[in-house]
Amino acid sequence: YVSDGTLKIKAIKEEYTSNGTTKSYTSARLNSKFAFKYGKVEVRAKLPGEGGTWPAIWTLGANIDEIGNYFGDQYGSVGWPACGEIDIMEQRGWDKTSSIAYFHWGDTNSGQYYNAGDETTISNASSEFHIYALEWDANKMRITLDGELVYELSNTSDKPYDNPHYLLLNIAMGGNLGGDIPPNFLEDIMEIDYVRIYQ
């Protein structure tokens, strides 16, 4: 929801049943309807601070064949990781003092899965806004936090980063990076001040 000029993505402890399966938490994953190739992405955000939360600001290739891709097969139809994924920001549920920048892709020649990235320390991620950014061109991709480089990856022909991508914003609960959810968890918010994409 939007209030006081910012977007809030809220994770809530509540039962929710869909297609015969009941889950213990609800949240949101927002898939944008804007595809872009190259440019600069800036997202100014506050992150959730509770344990078990796994916030992410990321992109997927617009050719991915998954539910939620607004573009359908307009840009092609491949699976993950052949589409390419850029994690501008992820955070572990048990470590709110780090911000993770990562790339996941399938080699365009062999299809083999690769990943590369790094992380950096962050202070006051849940109480202060920070700027999570990606600079992407035909030669390289740079992920920064408040203007400081976190990780840079060469954009070579064996990687699928010469196709349009779209931005995603979400909080997952638990899972690989969320980890154990504290029993007393009730709710938490990722607050987005703005998303800017420059080309």
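The values are calculated or read from the model by the stated rules, or taken from the named source; none is laboratory data. All values reported here derive from a predicted model rather than from experimental measurement. Here the Cβ positions follow ideal geometry from the backbone for every residue, glycine too, while neighbour counts run over all protein chains shown. Ligands, DNA and RNA are stripped out before the accessible areas are found, and what is left, the full protein with its side chains, is counted by its heavy atoms. Shrake-Rupley method; radii C 1.70, N 1.55, O 1.52, S 1.80 Å.
Quick notes on this one:
- Residue order for Tyr16, Tyr113, Tyr25 - accessible surface, 1.4 angstrom probe, largest first: Tyr16, Tyr113, Tyr25
- The spacing between region 132-199 and region 1-16, judged by their C-alpha centroids, is 19 Å.
- Given the choices (1) 16.5; (2) 17.3; (3) 17.8, Kirkwood radius over Cα pairs in Å derived from the coordinates of this structure is entry (2).
- Where a label projected 7 Å from the Cα of Tyr114 along Cα→Cβ would reach, residues of region 149-191 with amide N under 20 Å: 150-165
- Cross-linked pairs Lys10/Lys40; Lys10/Lys33; Lys37/Lys159; Lys37/Lys140; Lys8/Lys33: Cα-Cα separations exceed 23 Å for Lys10/Lys40.
- Label-reachable residues, region 37-52, where backbone N falls under 20 Å from a point 7 Å from Ser123's Cα toward its Cβ: 45-50
- In plain terms, the chain from Ala28 to Glu14 could stretch by 3.7 nm, reckoned as 0.36 nm per residue minus the Cα-Cα distance.
- Remark: the chain carries a charge dipole of roughly 340 debye about the Cα centre, counting +1 on each Lys and Arg Cβ and -1 on each Asp and Glu Cβ.
- Using θ = phi - 60° in the Karplus curve 6.51 cos²θ - 1.76 cosθ + 1.60, the 3J(HN,Hα) couplings for region 43-51 round to 10, 9, 8, 10, 9, x, x, 6, x Hz; x is entered for Gly and Pro.
- Each label was represented as a point 7 Å from its Cα along the Cα-to-Cβ direction; for Asp158 and Ile131 these points are 3.4 nm apart.
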